[in-house]
Amino acid sequence: MNGMNIVSQKPDAMTDVPFPYCPGCSHGIIHRLVAEVLDELNITKKAIGITSAGCSVRNWRQFDCDMVMALHGRGPSVATGLKRARPEAVVFTYQGDGDMAAIGTGEIVHAASRCERITVIYVNNGVFGATGGQQAPTTLLGEVTTSYPSGRDPRTSGYPLKMAEMLSGVSPDSYIARVSVHDIKNILMAKKAIREAFLVQMEDRGFGLAEILATCPTNWRLDSVQCMERIEKEIIPHYPLGEFSSKRKEAHQC
Amino acid sequence: MLDEILIAGFGGQGIMLMGKLLACGAIYEGLEVTFYPSYGPEMRGGTANCTVVISDNRIGSPVRKFFTCLMAMNQASVDRFTGSVKPGGVIIHNDAAIGSHPGGEDLRFINIPANQIATDMENIQVANMVAMGGLIHVLNTVSLDSLTNGLARVLPKHRHNLIPLNEKAVIKGIEAVEKGSDSRELR
Amino acid sequence: MTVKKKDNRALPGKTLMRGNEAVGEGAIRAGCQFFFGYPITPQNELFEYMARRLPEVGGTFLQSESELSGINMVFGAAAGGRRCMTSSSGPGFTLMGEGLTTLATAQMPAVVVCVSRAGPGLGRISSAQSDYRLATKGGGHGDYQCLVLGPASAQELYELTYKAFDLADRYRNPVIILSDAILGQMMEPVTTDGLKWAEAPEKTWVVRGKGNNPRKVIKVAPHTDQELIEWNRNFKKKYEQMTENEQRHEALYADGANMLVVAFGSSFRIALDSVVRARDEGVSVGLFRPISLYPYPEEALKRLLQEGASKLLVVEANNGQMVEDVRLAVCGAAEVIHYGVGGGYVLTPDEIYDEIIRFDRNGRHQ
């Protein structure tokens, strides 16, 4: 192998277990970004991840740190108990939109309002993936799902929940941002947001949440490329990217 | 021995404090005791009552329907609970608060002008302690010393300066009933 | 008249304590450092006691947004290796069903207190024992089982709560203290100095960040069917061990009695008066009190049947819940009847006495 250099490899914080996700699913990219941040912040040894219900329930096999499985929506509460019990640990949840924005709405709102020193990786693909494509709280208006085959109608099933905006309204000491992973530029920005969502916990500045717009090729019934295009054209216009709450170090001091 | 005591009155008269103090006194006597209060919305405004059971044996039910002694701090309690006093039982009532005695079978009524005595002491708040004095004198189960030992336990720390006043009130109550001026049996 | 010199030593360690507070102090003494819960009558005094007391011992109290969230915080703290507790009453305890099965599946030691009130539905805050089935038979899904203890005095609320933390750690399993409004609200003398100050034992499975060791995973979902089969096999073995080792009961006047009144918690207290009176009048009746409600103390009950008891009067403040366990335990070897009412009314010793006399003379259908 003379003359060859390693230019990219698996982050240390990731195990050798192959991803169980569908081709084109964003979980793989997001997992990698989280693992890269764990590596770069050198926190894998003190990190505890909390899985949620849904496709990502299996990610306890992917991250090479201590992991706890939580039931649907309860991740922020389990994380709260764990962080209070082990303040020296870095605790993060990894939750989908069905988990966090539907059944776990109460838990996330109050964890955010307590500005709990935890990090939430919130993956928003607008659909219940694992259970077969039912409507999520985040499903766009008019979007067809298996539970509303004629499309989401606000009169029968309400409007899409904008969690990042909503949570930033209740969580003064926090870093809350929405990012996307549909192209290289956005992937790099997403990593920055994930990193900051960890730092805000580690520096005891507050609660950290990165909402990441994600794909679900299987339930969207689109191929990978079409999925990325849909995020750009349909999803981002409804779910604008950006920071909604940012408790910087300086701000904390003054 | 078995004393089943119901203490009843208005909220704000210190009914629960009386019950707890009596229970503490019983502990100092080396007796078994349970205290059971009315609780929750039951005690928001209006009436308050509590049950104290004292025995030299293991105590069964903390909740009683019939009592050997009713300490009534107001007229409403006399009206409501006289029927719950066992034959041979005693009703002690806060004279100033009470207008009439309903008829009772084989009951002993004892007046104690607790409000009046407390007013004379220039502190109406200690009417409950005056009544306590009357109650322990009638029961003859808990001594004055045992009862007053309990004051430091049931009063919050910032009220401990009031212990001497409370002791004085208890003694006044005992003396008032000792005179026995107004105790009679009704048939 | 004067007051003699004060004896402020009081009686050694004896304090007048509310049942709910006795639970709290038992927990503190056992090294409980974390309490997560939500207000509900009639357990609020426990909740508030922990709010006051935990900061004094360097612990953490957190009022959760719901019982659902509270018990999941307990899960987190237990996963972190700490001794922790939550408490509620019927309506909130129902919400904890999800958490209880999660704790049992993840094998997390924790203590959960239910101060029962009268149900069903939102019910009323008056006392009842209508959560017996919920506590002993489940509340959550799947083949799981909690240890359940049923204290009957403030002293026992204190001691059994303390004990519950040991049992929880020993079996790596949630333990339920089933109290009720009467026990929770009443005050009785409690001797606290009989028990040593304890703290959580070292636990090898705790997550705190892997450090330089292999990572640990606390799982509530097995990865394969084979794993699930193993889990359930192990759970079954554990529950069998509990059944073998953890049966607790109290028997009073029971040896050779023709009739046994079977009652737990506050109903036992009430029935005690009735049994004493009936015995004074020559009725051959004793009293059997399950202290462990799961496992049900069936061995002791069976033994008493062999010694001559042929009638069991099951007294409970509900429409007939524990009576099912009694029937299962005796398996037709005695006549078993239930006496009790659901919430809203507390049976008196006289009523139970009358029922004893009826049953003694006639049996059930007279």
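The values are calculated or read from the model by the stated rules, or taken from the named source; none is laboratory data. Just so you know, these numbers come straight off a predicted model, no measurement behind them. Note that we place each Cβ from the backbone using ideal geometry, even for glycine, and neighbour counts take in every protein chain shown.
I'd like the residue in segment B:42-88 that is crowded, with 24+ Cβ neighbours inside 10 Å and hydroxyl-bearing (S, T, Y) and, out of all such residues, is nearest to C:M187 (Cα to Cα).
B:S61
What about C:L272, is it within 30 Å of B:L21 (Cβ to Cβ), crowded, with 16+ Cβ neighbours inside 10 Å, under 28 Å from the mean Cα position of the chain (by Cα) and facing another protein chain (nearest Cβ under 10 Å)?
Judged against the criteria, C:L272 is a match.
Can you tell me which residues in segment C:248-270 are under 16 Å from C:E156 (Cβ atoms) and in contact with a Pro (Cβ under 8 Å, 6 or more places away or on another chain)?
C:R248, C:H249, C:F264, C:G265, C:S266, C:R269, C:I270
Among the listed residues C:A200, C:A257, C:A221, which satisfies the condition of being among the small types (G, A, S) and outside the structural domain of C:Q155 (by TED's automatic domain parsing)?
Numbers: C:A200 fails: outside the structural domain of C:Q155 (by TED's automatic domain parsing); C:A221 fails: outside the structural domain of C:Q155 (by TED's automatic domain parsing).
The match here is C:A257.
Answer yes or no as to whether C:A51 is small (G, A, S), free of Cβ contacts under 8 Å to residues at least 24 places away in the same chain and touching a strand residue (DSSP E or B) at 6+ places or on another chain (Cβ under 6 Å).
Values: small (G, A, S): yes; free of Cβ contacts under 8 Å to residues at least 24 places away in the same chain: yes; touching a strand residue (DSSP E or B) at 6+ places or on another chain (Cβ under 6 Å): yes.
Answer is yes for this residue.
Kindly indicate whether C:E324 is out of contact with any Cys (no Cβ under 6 Å at 6 or more places or on another chain), within 14 Å of another protein chain (Cβ to nearest Cβ) and part of a helix (DSSP H, G or I).
no
Name the residue that is surrounded by the most Cβ atoms within 10 Å (Cβ to Cβ), counting only residues in segment A:21-38 that are over 28 Å from A:M202 (Cα atoms) and touching a residue at least 40 places away in the same chain (Cβ under 8 Å).
That would be A:C25.
Tell me which of these C:A317 doesn't satisfy, since it passes every other one: (1) modelled with pLDDT of 95 or more; (2) part of a loop (DSSP other than H, G, I, E, B); (3) more than 14 Å from chain B (Cβ to nearest Cβ).
If we test C:A317 against (1) modelled with pLDDT of 95 or more; (2) part of a loop (DSSP other than H, G, I, E, B); (3) more than 14 Å from chain B (Cβ to nearest Cβ), just (3) comes out false.
Collect the residues in segment C:342-355 that are under 25 Å from B:K86 (Cβ atoms) and within 14 Å of another protein chain (Cβ to nearest Cβ), keeping them in residue-number order. Quick ask: steps written out before the conclusion?
Restricting attention to segment C:342-355, the residues satisfying the condition of being under 25 Å from B:K86 (Cβ atoms) are C:344-355.
Those that are under 25 Å from B:K86 (Cβ atoms) and within 14 Å of another protein chain (Cβ to nearest Cβ): C:G344, C:Y345, C:V346, C:L347, C:T348, C:P349, C:D350, C:E351, C:I352, C:Y353, C:D354.
Confirm whether C:E244 is within 22 Å of C:I177 (Cβ to Cβ), touching a strand residue (DSSP E or B) at 6+ places or on another chain (Cβ under 9 Å) and acidic (D, E).
Considered against the rule, which asks whether it is within 22 Å of C:I177 (Cβ to Cβ), touching a strand residue (DSSP E or B) at 6+ places or on another chain (Cβ under 9 Å) and acidic (D, E), C:E244 comes out as no.
Just one of C:R83, C:R52 is charged (D, E, K, R) and touching a Cys at 6+ places or on another chain (Cβ under 6 Å); which is it?
Working: C:R52 fails: touching a Cys at 6+ places or on another chain (Cβ under 6 Å).
None of the other options fit; the residue is C:R83.
Mind checking whether some residue in segment C:56-64 is more than 11 Å from chain A (Cβ to nearest Cβ), hydrophobic (A, V, I, L, M, F, W, C) and surrounded by fewer than 24 Cβ atoms within 10 Å (Cβ to Cβ)?
Yes: one or more hits.
When segment C:182-230 is examined, which residues are found to be of a type in the set (G, A, S) and either away from chain A (no Cβ under 14 Å) or surrounded by 13 or more Cβ atoms within 10 Å (Cβ to Cβ) (or both)?
C:G184, C:G194, C:A198, C:A200, C:G209, C:A221
Would it be correct to say that B:T34 is over 17 Å from C:A154 (Cβ atoms) and either among the polar types (S, T, N, Q) or within 8 Å of chain C (Cβ to nearest Cβ) (or both)?
no
Would you mind finding the one in C:S284, C:S292, C:S266 that is modelled with pLDDT of 95 or more and within 11 Å of another protein chain (Cβ to nearest Cβ)?
When all the criteria are applied, what remains is C:S266.
Only one of (1) out of contact with any strand residue (DSSP E or B) (no Cβ under 7 Å at 6 or more places or on another chain); (2) crowded, with 18+ Cβ neighbours inside 10 Å; (3) more than 20 Å from A:Q95 (Cα to Cα) is not met by A:T145, so which one is it?
All conditions are met except number (1).
Check whether at least one residue in segment C:241-262 is buried (at least 16 other Cβ atoms within 10 Å of the Cβ), within 14 Å of chain A (Cβ to nearest Cβ) and touching a Gly at 6+ places or on another chain (Cβ under 6 Å), and report yes or no.
Among the residues of segment C:241-262, not one is buried (at least 16 other Cβ atoms within 10 Å of the Cβ), within 14 Å of chain A (Cβ to nearest Cβ) and touching a Gly at 6+ places or on another chain (Cβ under 6 Å), which makes the answer no.
Would you be able to say whether some residue in segment B:21-31 is in contact (Cβ under 8 Å) with a residue 24 or more places away in the chain, among the hydroxyl-bearing types (S, T, Y) and either more than 8 Å from chain C (Cβ to nearest Cβ) or part of a strand (DSSP E or B) (or both)?
no
What's the number of the only condition in (1) assigned to a loop (DSSP other than H, G, I, E, B); (2) farther than 21 Å from C:G320 by Cα that C:Y158 fails to meet?
That leaves (1) as the condition not met.
Could you run through segment C:12-28 and say how many residues are within 18 Å of the chain's Cα centre (by Cα) and of a type in the set (K, R)?
Residues in segment C:12-28 being within 18 Å of the chain's Cα centre (by Cα) and of a type in the set (K, R): 1 in total.
Given the conditions (1) crowded, with 19+ Cβ neighbours inside 10 Å; (2) among the hydroxyl-bearing types (S, T, Y); (3) over 15 Å from A:S52 (Cα atoms); (4) out of contact with any strand residue (DSSP E or B) (no Cβ under 6 Å at 6 or more places or on another chain), and given that A:T80 satisfies all but one, which numbered condition is not satisfied?
Status for A:T80: all satisfied but (3).
Looking only at segment C:274-299, which residues are basic (K, R) and closer than 17 Å to C:Q145 by Cα?
Matches in segment C:274-299: none.
Scanning segment A:91-116 for residues that are under 17 Å from A:R195 (Cα atoms) and either surrounded by fewer than 24 Cβ atoms within 10 Å (Cβ to Cβ) or of a type in the set (A, V, I, L, M, F, W, C) (or both), which turns out nearest to the other protein chains (Cβ to nearest Cβ)?
That would be A:V91.
Those residues that are under 22 Å from the mean Cα position of the chain (by Cα), free of Cβ contacts under 8 Å to residues at least 12 places away in the same chain and at positive phi, I need them from segment A:129-169; list them, please.
Matches in segment A:129-169: none.
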